[in-house]
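Undergrad: Below you'll find the structure I mean.
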Amino acid sequence: MIKYKVATYIRLSRDECYSNSDSIDNQIKMTDFYCEENKLEVIDKYIDNGYSGTTFDRPAFQKLLKDIDDGLINTIVVKDLSRLGRNYIMVGHYLQYYFPAKKVRFISINDEYDSLKHSSIMERLDVPLKNMMFDHIAYDTSNKIKKSLRISKENGNFVGSSVIYGYKKDPNDIHRLIIDNEAAEIVREIFRMYLLGMTKSEIADTLNKREILTPALYKKINSLGYTKPKKDNKWNYEIINRILRDENYTGILVQGRRRNESYITHKEVKNPEKDWIKYENHHEAIIDKEKFIIVQDKLKIQRRKTNKNDILDGHLFCADCGAPMTLVKGKNNKYYYCRAYTNKKICSKHVIRQENLYNEVLRLLNLKILDNKKVNELNREIVNDYIDKVIVYEEGKVDLFLKYESELIKK
């Protein structure tokens, strides 16, 4: 006789917290009562509180799968199918393939479904239909929440669990921001140091030597929302760069920079700037707008002078990803590499020797300028007068685009 090692699985998402019928306590009582009535011994309870049914990357559910693999569990009891999930494709995968392959009995109380009594879910057509219905409900709910949040943002309400470094939520209105004096002074100091000529890396080193908490750690310690840092808990170039470019410090509330790619994956992607939501004079400014504009202009100038000794800097791009090409000094020669490859190890090298690139650009330049003017060498004046951009392919092939090309080439 099979010994049933039973797990009850409980799940409640954030947007279901208003429903008493789906509450954690209610699900526990219902599943416990069912198991007691049917003489099923519960080995463990697996509870995911605050997790959406559209994703299966939930800690308790993942632990349940591991315990199934380890042979600790062979029966699952849930209140209804929506507790297992609201993605009908994945729910179907577990019901039709995973659980049968692992010889796991699955019971959904409200749906009166027990895999021991039904050899296939196709015997109960209402089960896959319910899965599709739950998926549609999740899709519809997601869209409604997105629209509601966007309207709230457009009305000037701050929406988010983690506040902007330098601010905190107004205790009288969680949708308003007020200055956090301690963090705001660090923001002002970062802008001052940058305007005095310090580089972003030098500013980061200065703050690290003074043992100033990074924005992420400061928010965590002061319960202002915490975003786990990608690297160590140190100030770095990226953090300083992000602060110097953040328009929120001028009193404008900027939201909607990122969005969820879909209601299923919950993967965040960047929004184009035209879709950002800006609300003027939302909160007190930490940096006045004139100073902020000066800093932005300086940032643009420095970006153009990344390779200040390279005459093609600002004109040279990778053909595959569009990233700028960066000049790297080798043992005997200089080479261009795709910056996306050197910085993030994405794309590919697109490596080309500087001397070979100059010769090829010079050759193409002379082919395109058909007014009997012979260009003998590349210099900054020639580049600025004629060349718009140069695109570098693999194997040293390049395309040359001229400024005002139709005027330069005789028809």
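Undergrad: Just to verify a result, which residue in segment 67-90, among those that are farther than 14 Å from TYR113 by Cα and β-branched (Val, Ile, Thr), is surrounded by the most Cβ atoms within 10 Å (Cβ to Cβ)? Outline the logic, then answer.
TA: The initial filter retains those residues of segment 67-90 that are farther than 14 Å from TYR113 by Cα, namely 67-74, 85-90.
When the remaining residues are screened for being β-branched (Val, Ile, Thr), the result is 68, 73, 89.
Details: ILE68: 20, ILE73: 23, ILE89: 11.
Looking at the filtered set, the residue picked out is ILE73.
Undergrad: Of the conditions (1) in a helix (DSSP H, G or I); (2) within 30 Å of LYS144 (Cβ to Cβ); (3) of a type in the set (Ser, Thr, Tyr), TYR98 satisfies every one except a single condition; which number is it?
TA: Condition not satisfied by TYR98: (2).
Undergrad: Looking only at segment 321-338, how many residues end up being part of a loop (DSSP other than H, G, I, E, B) and either touching an Asp or Glu at 6+ places or on another chain (Cβ under 8 Å) or not assigned by TED's automatic domain parsing to the domain that holds LYS349 (or both)? Explain how you work it out, then say what you get.
TA: Step one: list which residues in segment 321-338 are part of a loop (DSSP other than H, G, I, E, B), which gives 321-323, 330-333.
Those still in the list that are either touching an Asp or Glu at 6+ places or on another chain (Cβ under 8 Å) or not assigned by TED's automatic domain parsing to the domain that holds LYS349 (or both) too: 333.
Qualifying residue count, segment 321-338: 1.
Undergrad: For the subset of segment 154-195 comprising residues that are over 21 Å from GLY256 (Cα atoms) and polar (S, T, N, Q), which member is modelled with the highest pLDDT?
TA: ASN181
Undergrad: Considering only residues of segment 144-202 that are among the β-branched types (Val, Ile, Thr) and out of contact with any Leu (no Cβ under 9 Å at 6 or more places or on another chain), which is surrounded by the most Cβ atoms within 10 Å (Cβ to Cβ)?
TA: Going residue by residue through segment 144-202, those that are among the β-branched types (Val, Ile, Thr) are 145, 151, 159, 163-164, 174, 178-179, 186-187, 190, 199.
Next, from what is left, pick out any that are out of contact with any Leu (no Cβ under 9 Å at 6 or more places or on another chain): 145, 151, 174, 178-179, 187, 199.
Numbers: ILE145: 13, ILE151: 10, ILE174: 13, ILE178: 16, ILE179: 16, VAL187: 22, THR199: 13.
Applying the filter and picking the extreme gives VAL187.
Undergrad: Scan segment 49-65 and give yes if some residue there is in a strand (DSSP E or B) and at pLDDT 90 or above, otherwise no. Walk me through how you get there before you give the answer.
TA: At the first step, the residues of segment 49-65 found to be in a strand (DSSP E or B) are 49.
Filter again for at pLDDT 90 or above, leaving 49.
There is at least one residue in segment 49-65 that is in a strand (DSSP E or B) and at pLDDT 90 or above.
Undergrad: Then there is this: Among residues belonging to segment 252-266 that are in a loop (DSSP other than H, G, I, E, B) and surrounded by fewer than 19 Cβ atoms within 10 Å (Cβ to Cβ), point out the one that is modelled with the highest pLDDT.
TA: First, pick out the residues of segment 252-266 that are in a loop (DSSP other than H, G, I, E, B): 252, 256-257, 261-266.
Pick out the ones that are also surrounded by fewer than 19 Cβ atoms within 10 Å (Cβ to Cβ) and you get 252, 256-257, 261-262, 265-266.
Working: ILE252: 91, GLY256: 83, ARG257: 80, GLU261: 59, SER262: 54, THR265: 51, HIS266: 56.
So the residue we want is ILE252.
Undergrad: Among the residues of segment 114-136, is there at least one that is assigned to a loop (DSSP other than H, G, I, E, B) and at pLDDT 90 or above? First the steps, then the outcome.
TA: From segment 114-136, those assigned to a loop (DSSP other than H, G, I, E, B) are 115-120, 124-125; that's our starting set.
Still in the running and at pLDDT 90 or above: none.
Within segment 114-136, none of the residues are assigned to a loop (DSSP other than H, G, I, E, B) and at pLDDT 90 or above.
Undergrad: So which residues in segment 25-48 are surrounded by 13 or more Cβ atoms within 10 Å (Cβ to Cβ) and touching a Cys at 6+ places or on another chain (Cβ under 9 Å), if there are any at all?
TA: VAL42
Undergrad: Exactly one condition in (1) under 28 Å from the mean Cα position of the chain (by Cα); (2) aliphatic (A, V, I, L, M); (3) at pLDDT 95 or above is not met by LEU12; state its number.
TA: The one condition LEU12 does not meet is (3).
Undergrad: For segment 350-402, what are the residues that are within 17 Å of GLY322 (Cα to Cα), among the charged types (D, E, K, R) and either assigned to a helix (DSSP H, G or I) or in contact with a His (Cβ under 9 Å, 6 or more places away or on another chain) (or both)?
TA: The answer is ASP388, LYS389, GLU394, GLU395.
The values are calculated or read from the model by the stated rules, or taken from the named source; none is laboratory data. Because the structure is predicted, anything quoted here is derived from the model rather than measured. Here Cβ is always computed from backbone atoms with ideal geometry, including for glycine, and neighbour counts include all displayed protein chains.
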